[in-house]
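Down below is the structure, laid out as structure tokens.
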Amino acid sequence: QVQLVESGGGLVQPGGSLRLSCAASGNVFKIHSMGWYRQAAGNERELVATITRGGSTNYADSVKGRFTISRDNAKITVYLQMNNLEPEDTAVYYCNARDYEYQYWGQGTQVTVSS
């Protein structure tokens, strides 16, 4: 089992920045990729960004150039730096980790972009 604990959400004005963190614990040696997904009210959960153990990244088109995903392999922690936030980025953000058998989810952290 893998446990994921997220932090860093909150309320920010349009154009502002936030940094999300997600720390993994448990059977972390099997994890090959981690990432962030989000779910806005009334919508399905969608991919935001992922990063592999080797550092390869993938982003949703809607966040390219504004969000940056990174990871600290020693701390088994993944970060999401979110800049130039827009009201459309408002959602619950979920951390995700995958091994070759399962995927794991964090409890979610609310990000609200509003003036």
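The values are calculated or read from the model by the stated rules, or taken from the named source; none is laboratory data. All figures in this text were calculated on a predicted structure; none of them were measured in a lab. Positions of Cβ are backbone-derived with ideal geometry, glycine not excepted, and every protein chain shown enters the neighbour counts. Accessible surface is based on the protein model in full, side chains and every heavy atom, while ligands, DNA and RNA are left aside. Shrake-Rupley method; radii C 1.70, N 1.55, O 1.52, S 1.80 Å.
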Practice problem: Being in contact (Cβ under 8 Å) with a residue 60 or more places away in the chain and outside any strand (DSSP E or B) is the filter; apply it to the stretch 29-40 and report the residue that is surrounded by the fewest Cβ atoms within 10 Å (Cβ to Cβ). | Solution: 32
Practice problem: Those residues that are open to solvent by less than 40 Å² (accessible area, probe 1.4 Å) and touching a Phe, Trp or Tyr at 6+ places or on another chain (Cβ under 8 Å), I need them from the stretch 1-23; list them, please. | Solution: 2, 4, 6, 9, 20, 21, 22
Quiz prompt | Residue that is farthest from residue 9 (Cα to Cα), among those in the stretch 82-115 that are touching a Gly at 6+ places or on another chain (Cβ under 6 Å) and part of a strand (DSSP E or B) | solution = 96
Quiz item: Name the residues in the stretch 44-90 that are open to solvent by 60 Å² or more (accessible area, probe 1.4 Å) and basic (Lys, Arg), would you?
Solution: 45, 53, 64, 75
